[in-house]
Structures are given as structure tokens and as C-alpha cells.
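Chemist: Following this message is one structure expressed as C-alpha cells.
The values are calculated or read from the model by the stated rules, or taken from the named source; none is laboratory data. Note that the structure is a prediction, hence the values are computed from the model and not measured. Heads up, the Cβs are rebuilt from the backbone with ideal geometry, glycines too, and the neighbour counts pull from every protein chain shown.
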Amino acid sequence: MTKRLSGIILTLVLAVAAILLGDWLGMNTILLALILGMLIGNIVSLPKPLDAGIKIANGRFLEWAIILMAFSINYGSFLKLGWETILIVVVTMVAVLISTVWLSKRMHCPSNAGLLVGFGTAICGSTAIAALAPFTSEDKSDMGIAMAVVNVYGLLGMIFIPLLTAEWLTDVQNSVLIGASLHSVGNVAGAGFAMSNTIGELAVTVKLGRVALLTPALLIFTQFIEKNDKTSKKDKFTLPYYLVAFILISIVVSIFPFSNDVLQNCKQGSNFLLATAMAAIGLKVSFKTLLTSGRKGLVFGAILFAVQLTVILGLMLLL
């Protein structure tokens, strides 16, 4: 018990440090927790007794974080977008996910990291990666690589999309492009409000509608991928408990009203558990692995981001 507790305490301390630093620096707390974990794990030789607690943090804590994430999903946001925007969001998501499965087999990204990059690109960045990761890969490095990649392109998109499109797209078109493409709500808000309050508010609404697709996307996407080569067809259709809970909770939250306090507390709890899990994962990711596989992940992420932007712009021209 003491051995487990020492590893858990280490990850909790790193999560708290990431949250405090994130608030101070204005950085993504989840990514910062991953980075802090990687720095400690690569600089310091951690004692073996810590491994048991670290394993709990990057396993159970991650699953509990995913369950709490479900309280942030509301299908009402999606239905308010209007049929044209809904069509753009859905078709773009499907195009990116199909491209992900097809390219991951041909580019050897490696495959599991590629799947996570694609899912994060299609839906909502780090949150989507965290939700899918325990089902797709037992190698925690895949999750670290995927989060690094989607955060890089989310940041680049936040900076450059407003600069490139401000003059030749309307406010509504810019809102849809930003909300349907950028990887996190923070990226969307940063890009949208940098252009105008109107674009920012509409872009965030589009993004929240896209986030609502996380539940059906998880349910469908997990049926088209294999956790490993030994996965049987029967096992392939068996969802882990945390995904079942996630799906059920998201449906209940969309139907029945919950107080803002409950929803906010669940969100904060999810963020803290996710930061703790990311710190634990970072402790086990070597810089050598990140550099070796990360290069392929960056190329893979760039292709998928280009596909995403192309589909969105093409559909806007058609509609």
C-alpha cells in the first residue's frame, strides 16, 4: 500500500504544479502536466517502488477522468447549430476519421499513435485522445505523442487561421472554419475572439457542438479499430466500463438539467484527474521515443489537419 501511495503522491504533486503553472503562464494544464512528467522521468532515475502508484494514476485515474468528462457533453449544443453547420461538422469529422484509419495502416505512424492523433484532430484534442487511449493502446507513449502533436497544430491553427482568412471569409464562415477545425476549446476561443466577439462566440458554439459528437464518435470508432493483434471479433464489440459510463452519463446530462455547480465540479474533477494521469504517463515517456515516433506523428497530424481544413472550406463553398 505504501509503495502505491508514494507513486500516486508524486503524480498528484506534478498535477498540482502543472495547474498552478498553467494558470500563471496561461498554458494548457493537461499538456503542461505531461511535459513536467517527461522532464522528471527523463532527468531523474525513479525508484522502482514508485511504479505501482504511477500505474494506478495513468490507468484508473484516467478512466475516472473520462467518466467525469461526460458531464460536459450536451447534445443540445449540437442541435442548435442549424443543418448546414451540422452537415459540415459531421462530414468533416467522418472524413478525418476515415482518413485516420486508412493512413495509419499505410504510414505506420505507429498505428496506435496515429489513431489517437486522428481522433483528437477530428473531435476535441486532448479530451478525445484521453477518452480513446485506454481502448486503443497499452503503450502510454502513444498518448503522449498524440497529445503533443494535436497541441502543436492547435496552437499553429489558432495563430495562423485568423491571419490567413480574415479578409476573404465572412464572419459566419470564419466562425465555422475555426470551430470545426481547431483542436481544443481554448484554441477556438483564442482564434475567434482575436478576430471579433461575434466570431468568437459563434466559433465556440460550433466547437461545443463538435464536442457533443465525442460520445457517438467513441462508440462507432472503437468498432473499426483493434486494440491489439489478438483482439477477437467478439472482444472488439465489448466496450470497457468507463466508455459505457461515459455514454450513459452524456445521454442523461443532455436530457435532464443539472445545476451549474455540479457540472463545474465534475469538470474541475475531470481536469485534475486527467492532469494527474498525464503526469504519470509523462514519467514513463522517454525523449528518445518521443523524438523517434514524434516525427512521424507530426507529419501524420499535418496531413489530417490539411484534410480537415480542405473538407470544411470545400463544403462551405458548396453550401
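Chemist: Can you name every residue in segment 264-319 that is modelled with pLDDT under 90, polar (S, T, N, Q) and more than 27 Å from Ile19 (Cα to Cα)?
Modeler: Thr292, Ser293
Chemist: Can you tell me which of Met147, Met93, Met143, Met158 is assigned to a helix (DSSP H, G or I), under 14 Å from Leu218 (Cα atoms) and not small (Gly, Ala, Ser)?
Modeler: Met93
Chemist: If you go through segment 283-310 one residue at a time, how many are more than 19 Å from Leu115 (Cα to Cα) and in a helix (DSSP H, G or I)?
Modeler: Counting residues in segment 283-310 that are more than 19 Å from Leu115 (Cα to Cα) and in a helix (DSSP H, G or I) gives 4.
Chemist: Only one of Gly118, Gly114, Gly37, Gly125 is surrounded by 21 or more Cβ atoms within 10 Å (Cβ to Cβ), in contact with a helix residue (DSSP H, G or I) (Cβ under 9 Å, 6 or more places away or on another chain) and on the phi > 0 side of the Ramachandran plot; which?
Modeler: Gly125
Chemist: Could you please give the count of residues in segment 38-84 that are farther than 14 Å from Lys284 by Cβ and of a type in the set (Gly, Ala, Ser)?
Modeler: Adding up the residues that qualify gives 6.
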